[in-house]
Amino acid sequence: MKKLQGINGLIRMPEGEGQERGDLYTTALYSADLGSYLLAADNANRTVREALSEQTATDLPTLWSALKLIRAAGATLPAELDARLANAAIPPRQQDVGAEIAALWFWVDIGRMQGWSAIGGKSFGEEELVRLRAIDVNSITNKPYLVWRLFDSYSALQKQKPSELERALKNVEYKKLPGDYESTLDFQAALEARVTLGKDLVVPNNAKDHIVGLLDSSQVHDDVLIASMLRSLELLNAQAEAQRLIKDRIAPRVDQKTGLIRSATLAKGSVHGTYLAARLLDTNFPELASERTRDELERVLKAPETDLITQLKALVALKRSGSSSWGSYGAVIERGRAALPAAVTFANLSGYIELVDVLVQLEPSARLGRLEAFDADPGVEDLLSGALMALSNSMYFSNSEEVRSMFPAVQSALPQLIGSPKGNGLNYFRALTAMTNASRSGLGSNDFDKAAEGLRTLKGCEEFPSLYRMEAEKASPCSLSLSAAMIAVPGAYDFGENK
């Protein structure tokens, strides 16, 4: 598993390299600069609707991303997004001052894009202002980016700024060239201050060439940093270079299916990959998790743009890494508990399973939802997938015994589904994980033995003999996702093999 560790200490997904789906947040970061590469209005509307339909709860950065993309594309506001905005709430207070400023900025920027219409049943203004005024400006005077974001939040609200905040922005000086996370954002902030205040700020003469060189050499693998560098080029009056880099670095990452931009994380591991590795390695995970791994997981946890599921997965990985600091993120767990629906239907089943599967590893007593029965025809792919998913995860429903007897037609088809890995795609693997929870399937010990034997034909690839691959060809990549799912399948692993 060490071979999959990325440059950020997190674990890469062997099955996903070069195949990442585009996502809303990455696209929103570049939306102001994409020009002809930006989704057309109708496509943006449809893409946002589809993205929101996959989620049971929508976090603040996703709302911001969806709204920013809609505004940039000149699209009409989808009813789904309008409804999510109407039910949105101001983000909870953050202990870390940087996270608090960033969370409030996202919230205020949504209001700015909305023209200050009511959101979450309240108009913008007083509560945000109270939170902003509670921030100790003196604690961030050495952090230009936080000073700038706080200043911009007051400007967006059109409220008078504290004198110490105006003084802090006027005193911003930054002569360090952008490189790491902090220096890149602080350099942009210094340039923003120069433009906003009309200030004659001194920056290194070679700043433009330095940024262009970094981006041309593909040394930067974080979209937040790439977007920040592109913005700095614009503020340095290097718009032509910025547009060339958009064409060379960003446009090739457009997902042709969705029109969204794929994340620039080929050399980096992901929280999801790290979470799956933590589950596969179990008690041996601390041997793989370095200090850099733990630092990156904590950075992700503190970043307000991180969605809830990713935060929870990062928290599980942090806990399994042996770090005691996971206990200080109780607010993330509470948000997860609050997002669990009481009633689970076919429409929200996938999102519920993803959420509860992670949450119970942190909060075993989390309130479980009740699954409402739905008709599942084995011949209809999405209904078959939903039924298999429900059976596989029957323990995550308050009516678990009832769930194990649901979907009789699908249960009757299980012997055929698990008979061969050929032709059934993902539903073959879903059927394997459903076997032990399907009380009406009629499966016996011989069926389980045959299923384990068939699964072994998909075991192993060049570097990871204990993991599983989806395709029969030995050359196909192993999959962390499938391998983690197979933990629940009898006979899938010899004891300790995946450690």
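Before moving on, here are some points about what is shown:
- One chain, two ends: Ala338 and Asn138. Fully extended at 0.36 nm per residue, the span grows by 68.5 nm beyond their Cα-Cα distance.
- Shape call, the chain: gyration tensor on alpha carbons, a/c limit 1.5: prolate
- FRET E, pair Thr457, Ala79, Förster distance 56 Å, beta-carbon r, rounded to 0.05: 0.75
- Considering only alpha-carbon pairs that sit under 8 angstrom and 6 or more positions apart, the relative contact order computed for the range 290-387 is 23 percent.
- Relative contact order of the chain, defined on C-alpha pairs under 8 angstrom at six or more residues apart (%): 15 percent
- Remark: the range 401-499 carries 50 Å² of accessible area per residue (probe radius 1.4 Å; ligands, DNA and RNA excluded).
- Contact order normalised by residue count of the range 45-178, Cα under 8 Å, 6+ apart, percent: 20 percent
- Förster radius 51 Å - calculated FRET efficiency between Asp42 and Lys208 (Cβ-Cβ, nearest 0.05): 0.85
- Accessible area of the chain belonging to carbon and sulfur atoms, whole % at 1.4 Å probe: 49 percent
- Anisotropy class of the range 189-309 from Cα gyration tensor, a/c 1.5 cut: prolate
- Here the extension length gained between Glu402 and Gln160 equals 81.2 nm, from 0.36 nm per residue of separation less the Cα-Cα distance.
- Note, ³J(HN,Hα) from phi for the range 470-487, Karplus 6.51, -1.76, 1.60, rounded to Hz, x at Gly and Pro: 7, 9, 5, 4, 4, 7, 5, x, 6, 10, 5, 4, 5, 4, 5, 5, 6, 4
- Stretched out straight at 0.36 nm per residue, the stretch from Met113 to Lys3 would grow longer than its current Cα-Cα span by 35.2 nm.
- Pairwise FRET efficiency - Glu127 versus Asn237, Cβ, R0 = 30 Å, nearest 0.05: 0.15
- Surface accessible to a 1.4 Å probe, per residue, for the residues of the range 301-377, Å²: 41 Å²
- Taking max minus min of the alpha-carbon positions on each principal axis, the range 353-474 gives extents of 42, 34, 27 Å, largest first.
- Cα-Cα over 27 Å, subset of Lys208/Lys257; Lys268/Lys459; Lys68/Lys176; Lys176/Lys302; Lys268/Lys302: Lys208/Lys257; Lys68/Lys176
- Only Lys, Arg, Asp and Glu carry charge here, each on its Cβ (+1 for the first two, -1 for the last two); on that basis the chain has a dipole of about 560 debye about its Cα centre.
- Which of Glu291, Glu100, Glu241, Glu372 is most accessible, then next, and so on - probe 1.4 Å: Glu291, Glu372, Glu241, Glu100
- Per residue accessible area of the range 83-236, 1.4 Å probe, in Å²: 46 Å²
- Long-range HN-HN contacts of Ser270 with modeled amide H, under 5 Å: Ile11, Arg12, Met13
- Helical contribution to [θ] at 222 nm, DSSP H n ≥ 4, -39,500 (n - 2.57), averaged over the chain, rounded to 500: -15000 deg cm²/dmol
- Positive-end extreme of charge dipole, the range 1-95 - chosen from Thr62, Ala75, Ile11 (charges on Cβ): Ile11
The values are calculated or read from the model by the stated rules, or taken from the named source; none is laboratory data. Remember, predicted model here, so these are calculated numbers, not experimental data. Ideal geometry is used to build each Cβ from the backbone, glycine not excepted, and the neighbour counts take in all protein chains shown. Note: areas computed on protein heavy atoms with side chains; ligands, DNA, RNA excluded. Shrake-Rupley method; radii C 1.70, N 1.55, O 1.52, S 1.80 Å.
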